[in-house]
1. Spin-label point model (7 Å from Cα, Cβ direction): what's the residue 354 to residue 475 distance in nm?
2. On a full-extension model of 0.36 nm per residue, what is the gain between residue 454 and residue 268, subtracting their alpha-carbon distance, rounded to one decimal in nm?
3. Ranked from highest to lowest mean number of other Cβ atoms within 10 Å per residue, what is the order of the peptides 268-278, 38-48?
4. Within a 10 angstrom radius of the beta carbon, how do 157, 235, 110, 74 rank from fewest other beta carbons to most?
5. Stretched out fully, how many nm does the piece from residue 38 to residue 164 gain, at 0.36 nm a residue minus the Cα gap?
6. Quick check: pseudo-label points 7 Å beyond the Cα along Cα→Cβ at residue 223 and residue 291, how many nm apart are they?
7. How many angstrom separate the Cα center of the range 132-197 from the Cα center of the range 296-369?
8. For residue 300, project a label point 7 Å along Cα to C-beta. Then give me every residue of the range 258-274 with its amide nitrogen under 17 Å of that point.
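Bear in mind that the values in this text are calculations on the coordinates, not laboratory data. Being a predicted model, the structure only gives us computed values, none of them experimental. Here the Cβ positions follow ideal geometry from the backbone for every residue, glycine too, while neighbour counts run over all protein chains shown.
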Amino acid sequence: MKHKIQKFGLLAAGAGLGVAISLSFNAAADKSAEANPLPVDELRAFTTVFGLVKQNYVEPVEDKKLINEAIKGMVSGLDPHSSYLDADSFKDLQESTQGEFGGLGLEVNMEDGLVRIVSPIEDTPAYKAGIKAGDFIVKIDDTPVQGISLGDAVKKMRGKPGTSVTLTVLRKGEAKPLVFSLKRAVIKTQSVKSKLAEPGYGYIRVTQFQEHTTENVAKAIEALYKENKAPLKGMVLDLRNDPGGLLNGAVGVSAAFLPKDTLIVYTEGRSADAKIRLTANKDNYMRPGSKADYFANTPKDVKTVPLVVLVNGGSASASEIVAGALQDQKRALIVGTQTFGKGSVQTILPIDEKSALKLTTARYYTPNGRSIQAKGIVPDIEVQEATLNGVEDNGLRLREADLGHHLDNPTDKDAGKAASKPEVKLEKPPVIKAPKLNASEPDSENSPRELVSKSDYQLQQAFSVLKVQQLLLQKQAPAAAAK
């Protein structure tokens, strides 16, 4: 099992929707021609088209470019998360999971020929400038985005720290494009943040699942208990707008709150390597070379402390694995809004020394056998985000079910057709006044702010749920003692 988790949890997506993917240095097994005969007619059509383009296109085209573009088209037509990785793309993929790279601090994908902001990374140039999830980049410096690939767009935004780049952005509700002048910086993403929100109640935020996320969560738990100087009464695990990342990170964060060897997630695919079951065992989340269990010194009652997991439509993949595991194992209440619904596994298959294939090879399933794909996790208690001037602020938020060529959900054929209903829905969130935006100045909403904010409606409701749980436990304790 240990070699499988190492294979299935090393790398995560960089420029696209932050998604949990895996790394396999075993190329696809050779299949006999008898079992998989080559489609001769289709290959003949391909070579004919190749020849026609070489002969008749308005300008000469290199063979290498034609072949590379053909590969990209073949793979991208499968589903939104499979792609061809050239040397630069593969390097970007590695940098994003290691938590340090040069650029602006944006998680992006391609939608209708434009670069769409999935989420600005906290405490980065893009975040501080006021760029928001749902914005569309239409121009990078003087280059229109329409017609260029996502990889090329990312290359243009990345560069030497200290150099400048100008983004022209479309935003819902704005009559004119917004222009942001940004300076590139070394992006060091701190994936785990924590704070004692008030005596007895801890808060941990995971912004992305990276190489060190599991051990950093363990340290955060230890620090919260030490600062509180007594067992915690409750804890909030905030996974909002966490686009995912490493599979072993998701397993590790789940294992922090679950008994040893509890099932967290399993995958199903066509190949033997794509069928794995991952439990709360250190072999399934420790990085290669690590010896002592990250959770060896965490307080034992962290396995039973009342827990709320906070999610929204930007919580994807690895985030959904954690939420699904803790929900199915009845370990936590899930609060917020329905998650993104990215429930597939991508494996990196090397083509040669400089290129690789990121290919969807399996689907995730929660411990109870639910597929996350195109549905996501439905919260136990629905709490909508606060609205701006009475208008929902998530009008441009897309989910997996909205993406072209997305995989179907094998356990729920109606997944994605309509939002599922949560068990409980709290009162309508408050209306707040939208701040005036000046693209040349930081937006107060996206500027560095208090980690646990009193104006964060969803978070405050999560703590309210924890306190209700604590009251119920206090009432149940005397009755149990009497028996």
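1. Result: 6.9 nm between the two label points.
2. 62.7 nm
3. Ranked from most to least packed, the peptides come out as 268-278, 38-48.
4. Fewest to most other Cβ atoms nearby, the residues stand as 74, 110, 157, 235.
5. Fully extending the segment from residue 38 to residue 164 adds 40.4 nm.
6. 2.6
7. 27
8. 258-261
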